[in-house]
Structures are given as structure tokens and as C-alpha cells.
1. Fewest first, what order do Thr81, Thr208 take by the number of other Cβ atoms within 10 Å?
2. Rounded to the nearest 0.05, what FRET efficiency is calculated for Asp6 and Ala241 with R0 set to 35 Å and r the Cβ-Cβ distance?
3. Take the Cα of Tyr17, step 7 Å along the line toward its Cβ, and report every residue of the stretch 101-124 whose backbone nitrogen sits under 16 Å from that point.
4. Quote the FRET efficiency, to the nearest 0.05, computed for Ser125 versus His177 with a Förster distance R0 of 35 Å and r equal to the Cβ-Cβ distance.
5. What is the Cα coordinate range of the stretch 256-401 on the first, second and third principal axes, sorted by size from largest, in whole angstrom?
6. Taking the chain as a Gaussian network, Cα atoms linked when under 10 Å apart, which of Arg181, Arg297, Arg221 shows the biggest mean-square fluctuation?
7. Based on other C-beta atoms within 10 Å, arrange Cys254, Cys104 from fewest to most.
8. Give me the log10 of I(q) over I(0) for the stretch 1-84 at q = 0.11, 0.23, 0.26 Å⁻¹, as the Debye formula computes it from C-alpha points; what are the numbers?
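Here, each number is a calculation from the coordinates, and none is a lab measurement. Note that the coordinates shown come from a computational prediction; the quantities given were computed from them, not determined experimentally. Cβ coordinates were reconstructed from backbone atoms using ideal geometry, including for glycine residues, and neighbour counts include every protein chain displayed.
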Amino acid sequence: MKIIKDPVHGYIEVPGYVLPILDAPVLQRLRYIRQLGFSYLVYPGANHTRFEHSLGTMFLADLMARQLLLSPDERQLVISTALIHDAGHGPFSHAIEPAMEELCGRAHHDTAWLAEDVDLFSILSGHGVDAGQSVALLKGEHELSGILHGELDVDRMDYLLRDAHYTGVPYGTVDAHRLIRNTVISEGQIAIREGGINAAESLLIARTLMRPAVYYHHVSRIAEMMFSRAVYEHFQGIRGAHPGSFMRLDDAGCFQSLLHSPSEVARVLMEDIYSRRMYKRALYVGKDQVNTATIARESTPQRMRDLAARIAKSAGVEAHEILVDIPEFPKDMSVHVKVKNRNRVVGLEEISPLVTTLNETRRGQWRLGVYSSPGCVAEAGLAAREVLHVKPLTTQDRLSF
């Protein structure tokens, strides 16, 4: 048993069988991966790491395993899997996700990253954890997957609490302990008792409020798009590159690789991020000003680069001076959240009218961004409106902001 002091949860007990997993290189690497990517450019305190978050997720998973009265083997499986759930993250966490999917054909949550780590699988198997069940748990194909893989999972509980703590944003309040204490297994699935509805609502509210304040803050998005373009330009300039190895770098290794890239564009973009010389918003509009059905088809990295090239040509600037950011439209929350209501299990949205309001709020938070180098903001904005067929705001739209 080892005791680790955590600023969010207090003292975290680490069982002895977990220590070899904790010391594995794939886990230690997470000490050098920022949890919030480039959010430190907005919130200077946001320097916490995936390693801390993994510990916190493990701690909450243990609490839930105890609450659900899992067997010792099941508890060991849940704790160990919670600890490794983010091992597939690339440098700067979600910021590199689009490039990872484009260049490697997989996301951070793809269990292939873990399957390829022979040492980690050996450690898991050597300490009584079925690696196959661990993979199933991560993929959402295990009866206990709801602990780590759902709207109210312990992963979300920890990152909301932790991200709010380190950014100083007061919106990530989640009553994790009350929510966990009201968690049950009913009809073969993870559900919450009626006494946990308020705690569940508080988590959904926190997710909704943290989106524009932290996760989709425009400066963070601009930095992520500059970074993504730098990664793309970097690999355009290297023959026979191995993007898979690049994705296993930590933040510092990635930054240095790009600062010394054979691509001048990649070098300049990363130097600008390093010095916080950020691109500016030339266009920033909500769903009511664009054709959402058409725009949704343009959200792949290549299509966004093509749009950026068209806007740049129209504005008379270099292609890399324009970045188009089309985030995924928010999915409805609580679709899979079940509540044990007396003698039956029902969906949370059937009991809580707040869910519908929150989902509509999330849709209203969505923004399409076109960012440009500081010297061509006006030209880029005009060109972007024409290329993207942006509708003018109505008086009613203006009053709603």
C-alpha cells in the first residue's frame, strides 16, 4: 500500500498490486502530458497532467467498486483499468486528437495503443488482471463499463473537479461522493437511485458550463488549430515519417520536434504559440448563422484545410495564415443515464426536465471559428463569410447573445 497526497481528493491509497502498473513507462509518461492541452495560455494554473487525473480516476473508481460491492477480482479489474484508461493520449492531450486520427487512423481511446504495449499487458496479467477484460471495460463492452464509460462515469467526475481546481473556474462543482453513494447495479446496468438525481444534474450542469469557459475557450481553440496545422506541415516535410512514434512523445518532446521541424511553417507556428503570438478571430458564429447540415460534412481536418485555402485565396494571403475550426456538434447528454425509480429503471431525462434545457444550451454554445494571422483579420473575415455562406444576424439573434 502506498499513500499519495492529491490536491483534489486528499490522500489516495494505492494498493500494492497497482504499484507496478503505476511505475510502468506508459503511465509515467503521463506525468509529462498536460491534461488541458493549451489551456495554460488562458489559465496559467492549468498545468496539471494526465498522470494526476489517472490517479484521481482510479481513486473514484475504487469508491464506486466498494459502493457496488464488487468482488475482489472485479474491484482489482476496475481499479487497474481506471489507472490506465488515458494511456493512449498523445502530446497535449485532446489537441493532437484530430492529427492522431488522420495520421494514425485511431484516437487516444483506441485500445490498440494498449494492446501494442507488451510490457503493460505483462504487468497486468502478472498481477491477476485479465487484460482482455480490461480492454472490454475500456471499449464499453463489459457489464461494469458504466463505471468508466458513461455520462456520469468517474473519469468525468475527476476531470471536472480537477480542471475547475487548476483553472480557478468555479463551474466544475460536482458532488462526486453523493453521486457514487447513490450508484447501483440494476437490471444488469449501472444506474443511480432517485437520491442521486441532484448530484447527477450538478455534473451535467458542470459539463455544460465548463465547455465555453475552459474546453472550448476561443484562445485554447486557436492554439489547438495552430498546433494541428504545425503537425500537418511537419509531416508534409518528412519522407517515411512514423506518426505513431510521434504520438507517443510527451509534450516537451513534441514541442521541440516541431520547433526544429524541416517545415518552416511548422516552426513559425510553434514559435508563435511559445511566445503567445496568437491568431485572431476573423469569424466566430453560432449554428443559426450557418447551414449546419452542410458544415457538419466539412469538419474533417482535410476539408477544413481546403476551406482555409479557399478563404486564404479570396483574402489574398498565404494558406497557412487561415485556420478553419468546425467543432463537432454537441451530442445530447444523459441518453444512457438510468435512474432506479422505485421498482423500475427509467431514463434521467424522463425525471429531470433540466436535461432538455442543458442540451439546448450546449447546442447554443457551439461556434464555428475562422482564425487568421493578426495582419489580415478584416480581409479573412469578409472572405470567410462569402466562402462559408454565413447568414447575417437578425435582431432577435443579437438580443439572444
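1. Values: Thr81 29, Thr208 19.
Ordered from fewest to most neighbouring Cβ atoms within 10 Å, Thr81, Thr208 come out as Thr208, Thr81.
2. Numbers: r = 38 Å, r/R0 = 1.09.
In this case the efficiency is close to 0.35.
3. 121-124
4. Details: r = 33 Å, r/R0 = 0.94.
After rounding, the FRET efficiency stands at 0.60.
5. Principal-axis extents of the Cα atoms in the stretch 256-401, largest first: 65, 44, 26 Å.
6. Result for the chain, Cα springs under 10 Å: Arg297 fluctuates most.
7. Working: Cys254 25, Cys104 17.
Starting with the residue having the fewest Cβ neighbours, the order is Cys104, Cys254.
8. -0.32, -1.12, -1.30
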